[in-house]
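Okay, so here's the structure we're looking at.
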Amino acid sequence: MKIGILTEPSLSDFRKDILNEIIELDHRFVFFVDDSPGLSFWLKMKYHFKRKRGGYMLIMLIKSLFFKNENSHKLINLIPKHKNLVFTSHKPYSNKFTDLMKSKNIDLLINISGFGRMIKKPILDIPKYGTLSFHHGDITKYRGQPSGFWELYNNEKSMSITVQLLSVKLDAGIPIVVKKIFIAPNDNLQSLKIKLIEASFGLIPKAIQRLSENDQIEEVKQLGKIYTIPNLRQWVIFVITIFIRKLFKPNQ
């Protein structure tokens, strides 16, 4: 199978490790890199201010002041054997770049990072089998973001990690591999994030295998609600809820 990797020039620790386990598989690879300029911190703040996302703005500000950024790994250093198969564009949805992608006769695309929050139709239409991507959530119940927040907010006992074939609608694709994880009574966003990361490894290779074996795959009959960034009121309720849960069930 010939696989195209959708990515950015630099990757976080998690995305680096996901990439490593993919390229260890016995397939041919091509890399398509989105090198378009991202929004600055203050433009992001302005964007969320217009949408009355006070809670999220507060989180962003605190993180920028008190927490260090995640590690960043240059893609080109991660794939020394594939340097001649890397194609980069500042305009990844331009006709020139999508035509180049088509010329590579890709069987499957895998979205690691970049190319916008949602992969658009001009790219989704290119591969034979479709485009695989993670969604840290159960698309029959929780679509959108942030991962884990609304499951904790709604006091869920578990949540799912979904590897889906993307569609043009948000988190409305075909689930190829789904893995459920337990949410402990004293979990918070950070501990749940660690669980999600640890449970994610091995899922994309399993999804690739299912597709290559033409395993029977069923579409989702009913999709869940689309969630988005919490407002300030929702964030305050969330913080109080997590505090109370940890207070009464600290070691569970």
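The values are calculated or read from the model by the stated rules, or taken from the named source; none is laboratory data. Model, not experiment: these values are computed from the prediction. Please note: Cβ atoms are built from the backbone with ideal geometry, for glycine as well, and neighbour counts cover all protein chains shown. When the accessible area is computed, the model is the full protein with side chains, heavy atoms only, and any ligands, DNA or RNA have been set aside. Shrake-Rupley method; radii C 1.70, N 1.55, O 1.52, S 1.80 Å.
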Problem - Separation of the LYS2 and ASN105 label points, Cα + 7 Å toward Cβ, nm - result: 0.5 nm
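Using mean Cβ contacts within 10 Å as the protection proxy, how do 131-142, 79-90, 168-179 order, highest first?
Numbers: 131-142: 22.0, 79-90: 12.8, 168-179: 17.6.
Highest-to-lowest ranking by the protection proxy: 131-142, 168-179, 79-90.
Mean residue ellipticity at 222 nm from the helices of the chain, using -39,500 (n - 2.57) per DSSP H segment of n ≥ 4 over the full residue count, to the nearest 500 deg cm²/dmol? Don't jump to the answer; show the numbers that get you there.
Values: 10 runs with 95 residues, N = 252.
Helix-only estimate at 222 nm: -11000 deg cm²/dmol.
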Completion exercise
Highest mean packing first, using Cβ neighbours within 10 angstrom, the peptides 200-209, 113-122 sort as 200-209, 113-122
Fill in the blank from the handout: A correct Karplus calculation of ³J(HN,Hα) over region 211-223, with 6.51 cos²θ - 1.76 cosθ + 1.60, θ = phi - 60°, whole Hz and x for Gly and Pro, returns 5, 5, 8, 6, 5, 5, 10, 10, 6, 6, 7, 9, 8
Exercise for the section: Would you calculate the separation in nanometres between label points at SER158 and LYS246, each defined as 7 Å from the Cα along the Cα-to-beta-carbon direction? Expected result: 2.6 nm
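With the Cα gyration tensor of region 99-178 in hand, convert its eigenvalues to equivalent ellipsoid semi-axes via √(5λ) and list them largest first in whole Å. Kindly include the intermediate steps, with their values, before the conclusion.
Numbers: eigenvalues 154, 27, 16 Å².
Ellipsoid semi-axes (Å, largest first): 28, 12, 9.
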Problem - GNM flexibility winner over the chain from LEU100, LEU192, LEU124 (Cα, springs under 10 Å) - result: LEU100
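Quick check for you: with a 1.4 Å probe and neighbouring chains kept, what is the accessible area per residue of the chain, in Å²?
On the way: 14620 Å² over 252 residues.
Heavy-atom SASA per residue in the chain reads 58 Å².
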Completion exercise
Note: probe point = Cα of MET118 + 7 Å toward Cβ; backbone nitrogen < 15 Å; residues of region 141-163 passing the test are 143-145
Handout entry: Gaussian network model of the chain, springs between alpha carbon atoms under 10 Å - residue of ILE18, ILE217, ILE123 with greatest fluctuation
Key = ILE217
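Multiplying the sequence separation of ILE23 and ASN95 by 0.36 nm and subtracting their Cα-Cα distance, what value in nm do you get? All intermediate terms of the calculation are to be shown ahead of the outcome.
Numbers: separation 72, 0.36 × 72 = 25.92 nm, distance 2.75 nm.
Full-extension gain reported as 23.2 nm.
In the chain, what percentage of the DSSP-assigned beta bridges are antiparallel, given to the nearest 5?
Values: 14 of 34 bridges.
Antiparallel: roughly 40 percent of the beta bridges in the chain.
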Handout entry: Simple label model, 7 Å out from Cα along Cβ direction - GLN216 to ASP13, nm
Key = 4.2 nm
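Quote the Stokes-Einstein diffusion coefficient, in whole µm² s⁻¹, for the chain, based on the Kirkwood radius over alpha carbon pairs, a temperature of 10 °C and a viscosity of 1.306 mPa s.
Details: Rh = 19.6 Å.
The estimated diffusion coefficient comes to 81 µm²/s.
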Handout entry: Dipole axis of the chain (+1 Lys, Arg; -1 Asp, Glu on Cβ), positive-most option in SER200, LEU108, PHE238
Key = PHE238
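Which value, in debye to the nearest 20, describes the size of the charge dipole of region 121-252 about its Cα centre when Lys and Arg Cβ atoms bear +1, Asp and Glu Cβ atoms bear -1, and nothing else is charged? Numbers along the way, then the final one.
Values: 18 positive and 11 negative charges, 80 e Å.
With Lys and Arg at +1 and Asp and Glu at -1, about 380 debye.
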Problem - region 184-220 versus region 106-183: alpha-carbon centroid distance in Å - result: 10 Å
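My understanding is that a pair violates if its Cα-Cα distance is over 23 Å; which of LYS83/LYS169; LYS96/LYS128; LYS104/LYS221; LYS16/LYS193 do that in this structure?
On the way: LYS83/LYS169 33 Å; LYS96/LYS128 20 Å; LYS104/LYS221 34 Å; LYS16/LYS193 16 Å.
The answer is LYS83/LYS169; LYS104/LYS221.
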